[in-house]
Each structure stands twice: as structure tokens, then as C-alpha cells.
Amino acid sequence: MSASKTVVDVPAVQARLKKRAGRNKLALTLCAHCSMCADSCFLYRSKGKDPEYMPSHKVINTVGRLYKKKGRVTIQDLEEMREIAFKRCVLCMRCYCPLGLNIPEMIGFARSVCRSQGVYPDYEK
Amino acid sequence: MVLFNDPAVYEFVRGPLASLAFMVCGLGFVFQIIRFRLLTKNADWPSAGYPDTRPQLLLRQPHTFRLRLMYAFIGVKSTAIGRQPVMTLVSFVFHGCLFFAPLLLVGHNILLNESFGVSLFSLSEKTCDRMTVLFMACVLFFLMRRLFLARVRAISSFYDYLVLALAFMPFLTGFLAYHQIYNYRTIIILHMFSGELMIMALPYTKLMHAIYFFFMRFVLPGESSFKRGKRVWNT
């Protein structure tokens, strides 16, 4: 799994973040960090209840990180997010949030940001 | 604590600061409602392709009693109270006390009557005192959960503890004031101040789930929404 790019197109990432800023920032603020979404994720339950597989943990460390850094991410940041967004989530949409936040949509958004910078799993290998 | 003994501080916190707190909160509510409307649009169900195939409609037939019973059982088991009963119940009690204890407290209603000539009915002081103790026990539960459960600790930061303290302080100081523990004037000023801080923070922190909970459940469509939802997110 290697990225074809070595430098992130920060303005492009920032443009993507800006386009969805309203909803994403609202979701990130609304998240009560209650961890009630954990049990709804079958990956979390099958991986020995590792907190890193919690839906909220995945969102905070991908989308949350993108907005916290205001889009000024490096390739290494995106590679770390790739591990989370592509390998720790299969977008099965099983996750439940008591506040009704759409977690898979945000993971999908994180994937789109990574993919736009050429950072994605190489399924051909 | 000389500052908190000053009658001028008391008058300020009781009067202008309280008005400011409610204004800031009110403006925040308006801002969040406008924000929600700007981020969403009216649902156009035929084009959105959401036929109403909710199982409870299909199963509302006499000969499918067993299926309905099974669905109800699975339905409860698959809900929050089925999967995490303790947390859900504590959360329910917490929010109930958070809302009703200050609203139906006789002391608050007397102040409302003095200020505006109106008031709500009041619960007995003993009942409100017990609700306060129950609330503080719930906060302790949340704190322990955040400190000692790995999955909650993994996503917790200083901000989460701060917001919890923000919700806790009005009740703690109110309890101390009611039981006249420590200097009453100091404690009551701290009580009003902490309550006003919480009210001001409500629409601007994660406490805004007080507003958005109702939008998510009653206005937007989703698996835990009531009805189909009148609005959807802008694409």
C-alpha cells in the first residue's frame, strides 16, 4: 500500500473540507463522546473490543483530525487515516448513534479525501 | 472569598448576568435553528425513493401476532436499553433530573414570581433535594465511566470533563446552598454563576444535543426517527 503522491494538495483538501464543513463540523460538535456506538460495530466486537475500532474513534481520528488541522495534512497523516477509514471500517452502516449522527457518511467522506490525494489501499496487490 | 460576599456581586449575578445568560442562550438557540434550516432542505419523498415499508405497518395484521411479538422482542433487544441498559437508564434519570429539578424547584419559582409575576407548579423541597442527589450520583457514574472504561477514555479529552463539570456545578452548589453548608451568600452566588455559565454554554458546546436531539428524532429521517422525516440534509 503506497501513495503515488508525496505532497498533499492542501488547497484541494481544504476545498473539500469547506464544501462539507457545515454538516461535518456540526456532527463533530454534537458527538457527545458517549461511546454508545461501540457495541453496534461488529468489527469492534470481533477485534476484542479494541477502542480503535469504535465508530466514534474512527470519525474523530479521520474527519476530526482533518478539521482540527484545517486541511493542512501531510501524506503521513493521510496514510494513518487510510488505515482507519479503509481497514477499520467496511461501511456496513450497522453503527448506531443515540443522537442520530450518520457515522458511515463521515467515514466515506474521509475516504474521499484520502482518495483525492491518491492515498488508498492498493487492492491490485 | 470576600468577592463572593459582596452584595453588589450578588445583585449583579442575580440580575444583569442572569438576563445576559438567557439572552446569549436564546440567541444561540436561534442560531442553531437557522443553522439547521440552512443545512437541510424539505424532503421530497417520491424523488428520494423512500417508500414507507416500515415493518410495523406490514406486520399490523392479526394473523401475524407471533411475528409482531418477535419483532417487539428483537426490537427492544436491539435498542439502546436492550444493549446497554444501565447506561441508558442512568442517562434517562440524569436528563430527567437535569430538566425537572431546576424547573419545578420552589426556590426558583419564587424568584420567577418575584421577577415576572408568573411561576410553574413546584415539587416539594424534599423531592427536589432527592432529585439533586440522584443527579449528582448520575454525574459520578458518568465520570467513573469516562475515567475507567477504556472505550470511553479513548475518545475523552479535557473538554468532556469540563462540560460534565459545567453541568454538575449548579447542582452541587444548589445542594450546598439548600443545606446551608459553608457560607450561604458565597455558595448561592457560585450557584447562580455556575448555572448561568451552563445556560450560556448550552447552544455552543456539545450540550446543544438538547436542541439537535429533537431535530434528529422528529425532523430528519433515520433508523431511530419517529415517522419518515420532513427534512433531509443538503447534498
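Among what's in the stretch A:2-52 and is of a type in the set (Ser, Thr, Tyr) and exposed (fewer than 13 other Cβ atoms within 10 Å of the Cβ), pick the residue that is nearest to the other protein chains (Cβ to nearest Cβ). Full working, then the answer.
First, pick out the residues of the stretch A:2-52 that are of a type in the set (Ser, Thr, Tyr): A:2, A:4, A:6, A:29, A:35, A:40, A:44, A:46.
Now drop any that are not exposed (fewer than 13 other Cβ atoms within 10 Å of the Cβ), which leaves A:2, A:4, A:6, A:46.
Numbers: A:Ser2: 29, A:Ser4: 29, A:Thr6: 31, A:Ser46: 15 Å.
Out of the qualifying residues, it is A:Ser46.
Is it true that some residue in the stretch B:191-201 is in contact with a Leu (Cβ under 6 Å, 6 or more places away or on another chain) and polar (S, T, N, Q)?
No.
Restrict the check to the stretch A:79-93 and report whether at least one residue is within 11 Å of chain B (Cβ to nearest Cβ) and either farther than 22 Å from A:Tyr120 by Cβ or part of a loop (DSSP other than H, G, I, E, B) (or both).
First, the residues of the stretch A:79-93 that are within 11 Å of chain B (Cβ to nearest Cβ): A:93.
Next, from what is left, pick out any that are either farther than 22 Å from A:Tyr120 by Cβ or part of a loop (DSSP other than H, G, I, E, B) (or both): A:93.
Yes: one or more hits.
Answer with yes or no whether B:Phe142 is under 15 Å from the mean Cα position of the chain (by Cα), surrounded by 15 or more Cβ atoms within 10 Å (Cβ to Cβ) and on the phi < 0 side of the Ramachandran plot. Before the answer, list the steps.
Values: under 15 Å from the mean Cα position of the chain (by Cα): yes; surrounded by 15 or more Cβ atoms within 10 Å (Cβ to Cβ): yes; on the phi < 0 side of the Ramachandran plot: yes.
Yes; evaluated as a whole, the condition is true for this residue.
Working carefully through the options A:Gly48, A:Gly100, A:Gly118, A:Gly71, find the one that is part of a loop (DSSP other than H, G, I, E, B) and closer than 23 Å to B:Arg217 by Cα. I'd like the intermediate steps shown before the answer.
Working: A:Gly48 fails: closer than 23 Å to B:Arg217 by Cα; A:Gly118 fails: closer than 23 Å to B:Arg217 by Cα; A:Gly71 fails: closer than 23 Å to B:Arg217 by Cα.
After ruling out the rest, the residue left standing is A:Gly100.
Within the stretch A:100-118, identify whether any single residue is at pLDDT 95 or above, more than 29 Å from B:Leu89 (Cα to Cα), polar (S, T, N, Q) and surrounded by 23 or more Cβ atoms within 10 Å (Cβ to Cβ), and answer yes or no.
no
Here is a check on your reading of the model: is B:Pro221 within 14 Å of another protein chain (Cβ to nearest Cβ), within 30 Å of B:Thr79 (Cα to Cα) and either at pLDDT 90 or above or assigned to a helix (DSSP H, G or I) (or both)?
Numbers: within 14 Å of another protein chain (Cβ to nearest Cβ): yes; within 30 Å of B:Thr79 (Cα to Cα): yes; either at pLDDT 90 or above or assigned to a helix (DSSP H, G or I) (or both): no.
Criteria not met by B:Pro221.
Could you please tell me which pairs satisfy a Cβ distance under 6 Å, a separation of 6+ or placement on different chains, a first residue in the stretch A:80-105 that is under 21 Å from B:Ser78 (Cβ atoms), and a second residue that is charged (D, E, K, R) and buried (at least 20 other Cβ atoms within 10 Å of the Cβ)?
The qualifying pairs are A:Cys89/A:Lys58.
Identify the single condition in (1) of a type outside the set (Val, Ile, Thr); (2) more than 28 Å from B:Gln32 (Cβ to Cβ); (3) touching a Ser or Thr at 6+ places or on another chain (Cβ under 6 Å); (4) surrounded by fewer than 20 Cβ atoms within 10 Å (Cβ to Cβ) that B:Leu104 does not satisfy, given that it satisfies every other one.
Of the numbered conditions (1) of a type outside the set (Val, Ile, Thr); (2) more than 28 Å from B:Gln32 (Cβ to Cβ); (3) touching a Ser or Thr at 6+ places or on another chain (Cβ under 6 Å); (4) surrounded by fewer than 20 Cβ atoms within 10 Å (Cβ to Cβ), the odd one out for B:Leu104 is (2).
Please count how many residues of the stretch B:78-122 are of a type in the set (S, T, N, Q), in a helix (DSSP H, G or I) and within 14 Å of another protein chain (Cβ to nearest Cβ). First the steps, then the outcome.
The initial filter retains those residues of the stretch B:78-122 that are of a type in the set (S, T, N, Q), namely B:78-79, B:84, B:88, B:91, B:109, B:113, B:115, B:119, B:122.
This time we only want the ones that are in a helix (DSSP H, G or I), so: B:88, B:91, B:109, B:113, B:115.
Within this subset, residues satisfying the condition of being within 14 Å of another protein chain (Cβ to nearest Cβ) are B:88, B:91.
Number satisfying all stated conditions: 2.
Answer yes or no as to whether B:Leu143 is within 14 Å of chain A (Cβ to nearest Cβ), without any contact (Cβ under 8 Å) to a residue 40 or more places away in the chain and outside any loop (DSSP other than H, G, I, E, B).
Yes, satisfied.
Out of B:Val232, B:Val163, B:Val152, which single residue is within 14 Å of another protein chain (Cβ to nearest Cβ), of a type outside the set (Ser, Thr, Tyr) and crowded, with 20+ Cβ neighbours inside 10 Å?
B:Val152
Quick one: which residue in B:Thr186, B:Thr173, B:Thr132 is away from every other protein chain (no Cβ under 14 Å), more than 23 Å from B:Cys25 (Cβ to Cβ), crowded, with 19+ Cβ neighbours inside 10 Å and of a type outside the set (A, V, I, L, M, F, W, C)?
Values: B:Thr173 fails: more than 23 Å from B:Cys25 (Cβ to Cβ); B:Thr132 fails: more than 23 Å from B:Cys25 (Cβ to Cβ).
Checking each option against the conditions leaves just B:Thr186.
The values are calculated or read from the model by the stated rules, or taken from the named source; none is laboratory data. Everything numeric here is computed off the predicted structure, so don't read it as measured data. All Cβ positions, glycine included, derive from the backbone under ideal geometry; neighbour counts span all protein chains shown.
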